[in-house]
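Okay, so here's the structure we're looking at.
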Amino acid sequence: EAEIRGQFDFRVYDLTGRMISRRPVQITQGINRIPFEANNLAPGLYVFTLTDGLNTISRKMVVGR
C-alpha cells in the first residue's frame, strides 16, 4: 500500500542485473496494481523496482509456467 503518490519509474531486472523492462507509472495513495506482461520471460525469479528519484522500493517476482 503506497503512502506517497506521483510519477514513478517501474523497472524489472533479471538476477544478473540486466534490465528487462522500464516504463513510467502513476502511483496513487493506497493500493496500486501495475499490469506487467511476462509471457516473453523465462520462468524464474526477477526483481522489480519503483523509484521517483528520491524513494525506491524493490521486490521479488516469480514468473512461472
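The values are calculated or read from the model by the stated rules, or taken from the named source; none is laboratory data. Bear in mind that the values here come from a model prediction, so they are computed numbers and not experimental data. Please note: Cβ atoms are built from the backbone with ideal geometry, for glycine as well, and neighbour counts cover all protein chains shown. Surface areas here come from the heavy atoms of the whole protein model, side chains and all, with no ligands, DNA or RNA. Shrake-Rupley method; radii C 1.70, N 1.55, O 1.52, S 1.80 Å.
Can you say whether G44 is at positive phi and small (G, A, S), as far as the supplied structure shows? First the steps, then the outcome.
Details: at positive phi: yes; small (G, A, S): yes.
When the stated conditions are applied, G44 passes them.
Does R11 satisfy being among the basic types (K, R) and touching a residue at least 24 places away in the same chain (Cβ under 8 Å)?
Numbers: among the basic types (K, R): yes; touching a residue at least 24 places away in the same chain (Cβ under 8 Å): yes.
Yes: the conditions hold for R11.
List, please: which pairs have Cβ atoms under 7 Å, are six or more places apart or on different chains, and start with a residue in the stretch 45-58 that is farther than 13 Å from R22 by Cα and end with one that is basic (K, R) and assigned to a strand (DSSP E or B)?
So the pair list comes out as L45/K60.
Report, by residue number, each residue of the stretch 1-59 that is out of contact with any Asp or Glu (no Cβ under 8 Å at 6 or more places or on another chain), open to solvent by 50 Å² or more (accessible area, probe 1.4 Å) and among the polar types (S, T, N, Q).
Selection gives T16, Q26, T28, N32, N39, N40, N55, T56, S58.
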